[in-house]
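Structure, as structure tokens:
The values are calculated or read from the model by the stated rules, or taken from the named source; none is laboratory data. Bear in mind that the values here come from a model prediction, so they are computed numbers and not experimental data. A quick note on method: Cβ atoms are made from the backbone with ideal geometry, for glycine too, and the neighbour counts reach across all protein chains shown. All accessible areas refer to the heavy atoms of the entire protein, side chains included, with ligands and DNA or RNA removed. Shrake-Rupley method; radii C 1.70, N 1.55, O 1.52, S 1.80 Å.
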Amino acid sequence: MTSRTERILIIDPDEAARAELDRYLVSRGFYVHGYGSITEARRLFEDRPPDVIFADLPPATISELTACLKDESGFLPLIAYSHASEASQVIEALRAGAADFILKPLSDRSVVEDVLGRLFDRVRVHRLNQLYRQELEEANSDLREGISELRADQRAGRKVQMKMLPDRQVILNGLAIDHLIKPSLFLSGDFLDYFRISDDETLVYIADVSGHGASSAFVTVLLKNLTNRLQRNLRRGSSDDILYPARFLQRINSELLDTGLGKHVTVFVGIISASRRTLRYAVGAHFPMPVIAFEDSETRFLEGSGLPVGLFEDPEWDEYEIPLPGPFHLMLFSDGILEVLDAENLDKKERQLLELISGGRHTIASLSEALHLESTSELPDDIAIVSVTDIRLTDPDLQGVSVTDAGKPAGVR
């Protein structure tokens with residue numbers, strides 16, 4: 001005889017029949033409890049429900065009992081164990097909720113084995129499902145808590161990113177500069193900055209970190225920290241790397257490699273000189289190239305190329321220089337801008353971008369309106385834009401305006 005762990009309840013007012021079934025089930029290794037009525041059997045449920053019930057009860061009572069069993073313990077099969085002279089009696093018991101029907105007297109005991117085997121398989125499957133459901137609910141609860149924490153972290157990260165960005169609509173050394181960043185996710189992998197290097201030179205750059213989300217956003221923190229350190233080094237006289245676009249890219253490259261994050265960046269960095277009327281710049285595989293627009297002249301992309309930043313140990317970047325003979329508009333973009341242009345290929349998208357800017361869309365507000373950026377809630381990629389407008393030659397009132405240490409003209413907000 002094999003020892004079993006299943007517990008079987010017999011409810012049968014026929015004491016002889018109950019005893020006979022009891023002896024057989026015990027001989028098969030089951031734990032068996034027998035009672036003459038439901039009332040007597042109640043105390044067993046208070047302790048621990050059985051695994052299977054054999055019951056000789058009227059259909060109405062079977063229906064009431066199985067309804068209670070569903071509410072209390074899920075799947076607990078009840079086997080109708082009774083006399084039946086007609087098939088309709090068996091059908092009534094099954095319709096009332098019985099899982100199976102065994103006829104009295106018990107002439108073939110193998111029937112009990114077959115019925116119990118099938119039902120215990122169902123019981124095991126049901127209990128496993130309950131266990132898996134409970135584990136799934138716990139996992140979902142943990143997941144919801146994790147997502148809630150992640151959203152809180154992302155909100156905090158978003159605030160940090162926004163704090164790192166320069167002020168909008170500022171005037172630096174006769175240049176009106178503005179920007180826009182729209183992340184495709186909560187955090188952005190695009191970054192930009194602009195600031196005065198001296199009373200003559202203004203640095204502006206735009207960067208697009210590979211990937212999206214938190215890991216890319218961390219790199220933007222590194223970029224901001226680096227530019228702040230390079231500015232301090234220049235003031236202290238310990239390093240003038242920030243005065244040279246190519247060396248600026250080299251510093252970013254070494255910082256990224258040291259982190260070991262496996263991230264690289266595409267960057268455009270330019271330095272505008274008010275006195276020499278020049279733009280010196282370096283390109284770290286950034287695309288699309290910035291657009292320059294002069295009055296009464298063709299609007300065009302700047303030329304230049306260079307390796308991405310953060311992939312190679314000892315890369316070198318070329319520096320380019322163009323004259324700025326007259327008033328100009330300079331527009332810098334991350335490649336997300338190409339995703340929102342309604343054109344079928346890259347060449348047409350570039351032409352469309354040039355047409356927008358040459359047609360007067362050379363401010364953040366006008367370009368955003370033309371591309372419906374403010375009304376677009378879901379973007380395929382991060383979008384960053386910087387606009388630089390030469391106003392000293394076009395606005396005589398600003399000819400003698402001095403720039404405050406905060407980067408804004410005195411009295412201009």
Checklist line | Those residues of region 300-333 which are surrounded by fewer than 16 Cβ atoms within 10 Å (Cβ to Cβ) and either in contact with a helix residue (DSSP H, G or I) (Cβ under 8 Å, 6 or more places away or on another chain) or over 23 Å from Ser198 (Cα atoms) (or both), in sequence order | finding: Arg300, Phe301, Glu303, Ser305, Phe312, Glu313, Asp314, Glu316, Asp318
Next item on the list: Hey, can you tell me all the residues within region 148-168 that are open to solvent by less than 100 Å² (accessible area, probe 1.4 Å) and modelled with pLDDT of 70 or more?
Entry: Ser148, Val160, Gln161, Met162, Met164, Leu165, Pro166, Asp167
Next item on the list: Test Ala365 against the criterion of being in contact with a helix residue (DSSP H, G or I) (Cβ under 7 Å, 6 or more places away or on another chain) and of a type in the set (Gly, Ala, Ser), and give yes or no.
Entry: no
Check: How many of the residues in region 95-106 are more than 51 Å from the chain's Cα centre (by Cα) and open to solvent by less than 80 Å² (accessible area, probe 1.4 Å)?
Finding: 4
Notebook entry, point to check: Which ones in region 355-370 are under 22 Å from Asp296 (Cβ atoms), touching a residue at least 12 places away in the same chain (Cβ under 8 Å) and open to solvent by less than 40 Å² (accessible area, probe 1.4 Å)?
Noted result: Leu356, Ile357, Leu367
Checklist line | Answer from Leu398, Leu373, Leu393 - the residue that is out of contact with any helix residue (DSSP H, G or I) (no Cβ under 6 Å at 6 or more places or on another chain), open to solvent by 30 Å² or more (accessible area, probe 1.4 Å) and modelled with pLDDT under 90 | finding: Leu393
Notebook entry, point to check: Just for region 332-348: of the residues that are part of a loop (DSSP other than H, G, I, E, B) and among the hydrophobic types (A, V, I, L, M, F, W, C), which one is nearest to Pro183 (Cα to Cα)?
Noted result: Val340
Note to self: I'd like to verify a number: residues in region 277-299 that are open to solvent by 30 Å² or more (accessible area, probe 1.4 Å) and either within 32 Å of the chain's Cα centre (by Cα) or modelled with pLDDT under 95 (or both), how many?
What the structure shows: 7
Checklist line | Count of residues meeting criterion [under 14 Å from Tyr205 (Cα atoms) and either among the charged types (D, E, K, R) or assigned to a helix (DSSP H, G or I) (or both)] in region 252-282 | finding: 2
Checklist line | Residues satisfying the stated conditions in region 95-152, i.e. of a type in the set (Ser, Thr, Tyr) and farther than 22 Å from Asp14 by Cα | finding: Tyr132, Ser141, Ser148
Margin query: Being open to solvent by 30 Å² or more (accessible area, probe 1.4 Å) and within 31 Å of the chain's Cα centre (by Cα): is that true of Leu249 here?
Written below: no
Check: Can you name the residue in region 52-77 that is at pLDDT below 85 and closer than 17 Å to Arg127 by Cα and, of all such residues, is most open to solvent (accessible area, probe 1.4 Å)?
Finding: Lys70
Check: Just wondering, is there one or more residues in region 325-334 that are in contact with a His (Cβ under 6 Å, 6 or more places away or on another chain) and at positive phi?
Finding: no
Note to self: Against the condition at pLDDT 90 or above and open to solvent by 90 Å² or more (accessible area, probe 1.4 Å), how does Glu92 come out, does it pass?
What the structure shows: yes
Note to self: Test of understanding: among Arg48, Arg109, which residue is touching a residue at least 60 places away in the same chain (Cβ under 8 Å), open to solvent by 20 Å² or more (accessible area, probe 1.4 Å) and basic (Lys, Arg)?
What the structure shows: Arg109
Margin query: I need the full set of residues from region 349-382 which are of a type in the set (S, T, N, Q) and part of a loop (DSSP other than H, G, I, E, B), in order please.
Written below: Thr363, Ser375, Thr376, Ser377
